Amino acid sequence: MIYSLILGALIGWIASKLMGSRGGLLRNLILGVVGSAVGNWLAGTIGIAATGSVGAILIGVGGACVVILVARWLFH
């Protein structure tokens with residue numbers, strides 16, 4: 001459980017740096033968890049599966065970037 005939270009925070013932090021977004025630890029954690037779910041769903045839809053921790057992080061970061069992009073479209 002703690003590993004998942006740390007991984008979620010890391011994914012959210014990486015995505016926020018890539019997308020030029022600001023936020024604290026809680027925002028990065030939520031972004032990472034939601035982004036991982038979105039990334040896994042999108043990857044599964046197109047037939048991509050993550051293998052290992054690096055694959056899971058890459059898919060999670062991609063999903064988190066999508067979440068940031070959609071949030072920008074909706075709220076700006």
Go through region 37-55 and give me each residue that's at pLDDT below 90 and either of a type in the set (S, T, Y) or open to solvent by less than 40 Å² (accessible area, probe 1.4 Å) (or both).
T51, S53
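Hey, among the residues in region 11-32 that are more than 12 Å from the chain's Cα centre (by Cα) and modelled with pLDDT under 90, which one's most open to solvent (accessible area, probe 1.4 Å)?
Among those that are more than 12 Å from the chain's Cα centre (by Cα) and modelled with pLDDT under 90, it is R22.
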Kindly list the number of the only condition in (1) of a type in the set (A, V, I, L, M, F, W, C); (2) under 18 Å from S4 (Cα atoms); (3) in a helix (DSSP H, G or I) that fails for A50.
(3)
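Being over 20 Å from L69 (Cα atoms), among the hydrophobic types (A, V, I, L, M, F, W, C) and in contact with a helix residue (DSSP H, G or I) (Cβ under 6 Å, 6 or more places away or on another chain) narrows it down to one residue among A50, A9; which is it?
Values: A9 fails: over 20 Å from L69 (Cα atoms).
When all the criteria are applied, what remains is A50.
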Show the residue pairs that are 6+ apart or on different chains and have beta-carbon atoms under 6 Å apart, the first residue being within region 22-50 and over 13 Å from G8 (Cβ atoms), the second being open to solvent by 70 Å² or more (accessible area, probe 1.4 Å) and assigned to a helix (DSSP H, G or I).
none
Would you confirm, using the coordinates I've provided, whether G60 is surrounded by 11 or more Cβ atoms within 10 Å (Cβ to Cβ) and touching a residue at least 24 places away in the same chain (Cβ under 8 Å)?
yes
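The values are calculated or read from the model by the stated rules, or taken from the named source; none is laboratory data. Here the structure is a predicted model, which is why all the values come from computation and not from measurement. So basically every Cβ, Gly included, is an ideal-geometry build from the backbone, and we count neighbours across all protein chains shown. Ligands, DNA and RNA are excluded from the accessible area calculation, which covers all protein heavy atoms including side chains. Shrake-Rupley method; radii C 1.70, N 1.55, O 1.52, S 1.80 Å.
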